[in-house]
Amino acid sequence: MTTTRLERCFAALKQQNRPALVSYLTAGDPDAETSRRLLHGLPEAGVDIIELGMPFSDPMADGPAIQKAALRALEGGQTQAKTLEMVRSFREQNSTTPIVLMGYYNPIYCYGVERFLTDAAKAGIDGLIVVDLPPEHDEELCQPAAKHGIDFIRLATPTTDAKRLPKVLGNASGFIYYVSVAGVTGGSAPTPERLESAVRELREHTELPIAVGFGIRTAEQAATIGRFSDAVVVGSALVDCIEHANTPDEAVERVHGLVSELAESVRACRKASERQAC
Amino acid sequence: MNQFVNLPDANGLFGSFGGRFVAETLMPLILELQDEYTAAKNDPEFQRQLAYFQGDYVGRPSPLYFAERLTEHFGGASIYLKREELNHTGAHKINNCIGQVLLAKQMGKKRIIAETGAGMHGVATATVAARFGLPCVIYMGATDIERQQPNVFRMKLLGAEIVPVTSGTGTLKDAMNEALRDWVTNVDDTFYIIGTVAGPHPYPAMVRDFQAVIGHETRTQMIEKQGRLPDSLVACVGGGSNAMGLFYPFINDPAVKMIGVEAGGKGVKSGLHAASLNGGTPGVLHGNRTYLLQNEDGQITDAHSISAGLDYPGIGPEHAWLYEQGRVEYVSATDDEALEAFQICCRQEGIIPALETAHALAEVAKRAPTLPREHLMVVNLSGRGDKDMMSVAHHLGDKFGVKNR
Ligand SMILES: Cc1ncc(COP(=O)(O)O)c(C=O)c1O
């Protein structure tokens with residue numbers, strides 16, 4: 001049986017006893033060229049899994065930071081085709097770092113589901129996170145994606161109760177993305193204690209790795225959450241670096257700088273806690 | 001026969017339209033709402049309360065008025081106005097708000113949110129929130145706040161908090177995005193009163209059912225007056241709630257023709273319009289699949305209309321289905337046509353209609369003259385135009401010697 005890039009990635013990290021660092025950036029933000037540079041430098045800066053946002057005009061589940069990122073990208077002329085092309089060119093240099101596209105259904109639907117999946121598989125995309133496709137709509141994209149060997153990463157949230165969980169986990173693959181707080185991206189920070197018990201609870205129902213995201217901004221938070229999760233996702237904090245930079249060079253420097261800090265802390269987090277435990 | 005009445009299906013689909021395209025965080029709540037709504041539909045006590053508030057609080061039934069002068073003016077079909085503008089708060093919107101606030105109460109929700117375009121839904125929501133003692137937050141696009149000032153003031157008087165939305169074009173679609181963001185953040189205690197037949201299932205069906213009182217009354221009233229059903233029904237379509245409310249009880253009467261009027265803005269060919277069916281393509285937005293104004297890459301484009309309540313790049317999914325089935329004819333009226341019809345209604349009937357409603361009247365102006373007097377045409381007079389004084393003064397000010405802003 002062939003393994004996927006995501007499986008190989010999580011297996012390797014398990015060996016190293018550390019969580020994955022997952023970064024989120026919007027494709028085409030702040031412009032095509034800078035976005036390309038940002039993407040290509042992520043693995044070197046310490047990212048294990050790349051989430052790449054497909055910009056959408058109406059990002060209902062995103063806070064101001066990612067809303068603005070989508071607008072910058074769209075104003076710069078970003079399209080679905082350009083996003084796929086970015087990944088294809090990234091794959092010419094990197095064949096190991098998993099890339100997961102994240103976004104909303106409409107741009108995929110308008111591109112054409114079959115055509116999109118064909119092109120995405122060809123470009124070297126490993127998974128999809130589509131915010132507005134709950135399991136009730138699995139026949140739209142989740143099931144077709146499986147046929148193309150693309151994982152469909154499911155979101156579990158604080159409102160997902162025991163009754164609903166089996167439905168959420170049903171066709172999930174790749175990993176489970178636990179949304180740390182009920183809300184939009186870039187919102188308030190989660191409380192680690194509550195999170196830890198939620199992740200423990202999830203583990204009893206799935207073998208898939210569990211990533212935690214929403215509201216994680218700092219190296220400390222990443223370390224705390226990385227002790228009990230298989231991956232931590234940082235998005236708005238990185239996207240803010242782009243907004244606050246005065247030049248493209250500064251944007252690249254700031255984003256990769258923050259990634260390095262986060263990477264260092266996820267690499268040390270379990271060692272630190274082991275030491276504490278002793 | 002029943003080919004149109006048993007929809008949506010269990011998944012909220014009207015053919016391929018509708019559905020529940022929402023974030024997982026909202027799913028448990030939406031499923032709960034669906035159960036609660038289904039129970040309420042069959043609960044005599046809920047229905048008794050609904051009827052009570054529709055009567056003594058909203059002022060129903062609204063009259064079906066024979067517009068004699070308008071009929072003379074156009075010189076064709078007999079025109080009847082379903083006077084929804086006489087409802088408390090001045091539009092059909094409150095029919096739905098009363099129903100939803102009763103559900104919110106029943107579900108133990110502590111806080112009400114809503115989006116609004118023209119402000120009529122915002123006012124109706126703020127009104128029922130005040131009546132039921134619930135705090136209320138209304139999301140309204142900054143552009144719309146500007147052009148519907150009187151309603152902004154009304155909502156504030158009623159104790160609602162108005163949150164201006166500046167993202168996008170600052171109109172209805174952006175207000176809806178922001179309301180959805182509030183909802184996922186406050187999912188435990190908050191009830192989202194959606195103002196039209198759009199959003200995730202069960203909203204399109206639920207709002208339609210609460211608005212269907214319009215069509216049920218019209219049916220009874222026309223039979224009382226004329227001993228038969230009307231020949232045609234005309235309504236403006238933003239999201240499509242006043243139209244669905246009028247149409248639905250006649251949907252399986254093939255002899256009754258139905259016409260939905262979209263906002264044509266500067267003309268459907270100009271690209272500056274809000275006619276999702278006449279100028280859009282299928283897509284997924286705000287929880288449902290329907291016709292949308294969008295580019296080929298699936299990015300939603302801006303709608304344009306003189307009327308804030310029609311300035312939305314989508315339409316309720318049931319309309320998308322009825323359009324594809326050919327059961328309802330969808331046309332459009334431009335800003336100028338609406339303004340012209342607005343003035344005719346003021347002068348001929350002494351009724352100042354909402355600019356949204358004026359779009360329906362613009363279609364009457366085109367259609368009525370070609371039909372005989374025996375043709376009974378019902379127009380949904382969905383709202384009154386007090387809120388539009390500033391906009392109309394802006395467009396017609398010179399003519400009346402009013403200084404433009
Ligand atoms: C008076 C009036 N009519 C019509 C509409 C359009 O909404 P719908 O198509 O849902 O009836 C509005 C919306 O604000 C309104 O205020």
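Data overview
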{"quantity": "Whichever residue in segment B:296-321 is outside any loop (DSSP other than H, G, I, E, B) and under 20 Å from B:R20 (Cβ atoms) and, among such residues, is nearest to the other protein chains (Cβ to nearest Cβ)", "calculated": "B:I300"}
{"quantity": "Residues of segment A:140-154 that turn out to be within 11 Å of another protein chain (Cβ to nearest Cβ) and open to solvent by less than 20 Å² (accessible area, probe 1.4 Å), as a count", "calculated": "2"}
{"quantity": "Matching residues, segment B:233-280, being of a type outside the set (S, T, N, Q) and part of a helix (DSSP H, G or I)", "calculated": "B:A243, B:M244, B:G245, B:L246, B:F247, B:Y248, B:P249, B:F250, B:V268, B:K269, B:L277, B:G279"}
{"quantity": "The listed residue being in contact with a Leu (Cβ under 6 Å, 6 or more places away or on another chain) and within 14 Å of chain A (Cβ to nearest Cβ), out of B:L285, B:L293", "calculated": "B:L285"}
{"quantity": "Qualifying residue in segment B:168-176 (condition: hydroxyl-bearing (S, T, Y) and within 14 Å of another protein chain (Cβ to nearest Cβ))", "calculated": "yes"}
{"quantity": "Odd one out for B:E146 among (1) within 16 Å of the ligand (Cβ to nearest atom); (2) in contact (Cβ under 8 Å) with a residue 24 or more places away in the chain; (3) away from every other protein chain (no Cβ under 14 Å)", "calculated": "(2)"}
{"quantity": "Total residues in segment B:183-198, condition among the acidic types (D, E) and facing chain A (nearest Cβ under 9 Å)", "calculated": "1"}
{"quantity": "Condition check for B:M389: open to solvent by 40 Å² or more (accessible area, probe 1.4 Å) and either in contact (Cβ under 8 Å) with a residue 40 or more places away in the chain or in a loop (DSSP other than H, G, I, E, B) (or both)", "calculated": "yes"}
{"quantity": "Qualifying residue in segment B:308-323 (condition: away from the ligand (no atom under 12 Å from the Cβ) and surrounded by fewer than 20 Cβ atoms within 10 Å (Cβ to Cβ))", "calculated": "no"}
{"quantity": "Filter result for B:P164 (touching a residue at least 24 places away in the same chain (Cβ under 8 Å) and either more than 22 Å from B:A320 (Cα to Cα) or open to solvent by 10 Å² or more (accessible area, probe 1.4 Å) (or both))", "calculated": "yes"}
{"quantity": "Considering residues of segment B:214-256 that are out of contact with any Pro (no Cβ under 7 Å at 6 or more places or on another chain) and basic (K, R) only, the residue farthest from B:G316 (Cα to Cα)", "calculated": "B:K225"}
{"quantity": "Only one of A:P59, A:P64 that is closer than 17 Å to A:D240 by Cα and either of a type in the set (K, R) or surrounded by fewer than 22 Cβ atoms within 10 Å (Cβ to Cβ) (or both)", "calculated": "A:P64"}
{"quantity": "Enumeration of residues in segment B:97-108 that are in contact with an Asp or Glu (Cβ under 9 Å, 6 or more places away or on another chain), in contact (Cβ under 8 Å) with a residue 40 or more places away in the chain and either within 16 Å of the ligand (Cβ to nearest atom) or open to solvent by 20 Å² or more (accessible area, probe 1.4 Å) (or both)", "calculated": "B:G99, B:Q106, B:M107"}
{"quantity": "Count - residues of segment A:92-133 that are of a type in the set (D, E, K, R), more than 14 Å from chain B (Cβ to nearest Cβ) and surrounded by 16 or more Cβ atoms within 10 Å (Cβ to Cβ)", "calculated": "1"}
{"quantity": "Within segment B:176-205, considering residues that are part of a helix (DSSP H, G or I) and within 13 Å of the ligand (Cβ to nearest atom), the one nearest to B:A118 (Cα to Cα)", "calculated": "B:M176"}
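The values are calculated or read from the model by the stated rules, or taken from the named source; none is laboratory data. Please read these numbers as outputs of a predicted model, since none were measured by experiment. Heads up, the Cβs are rebuilt from the backbone with ideal geometry, glycines too, and the neighbour counts pull from every protein chain shown. The area values use the complete protein model at the heavy-atom level, side chains included, leaving out ligands, DNA and RNA. Shrake-Rupley method; radii C 1.70, N 1.55, O 1.52, S 1.80 Å.
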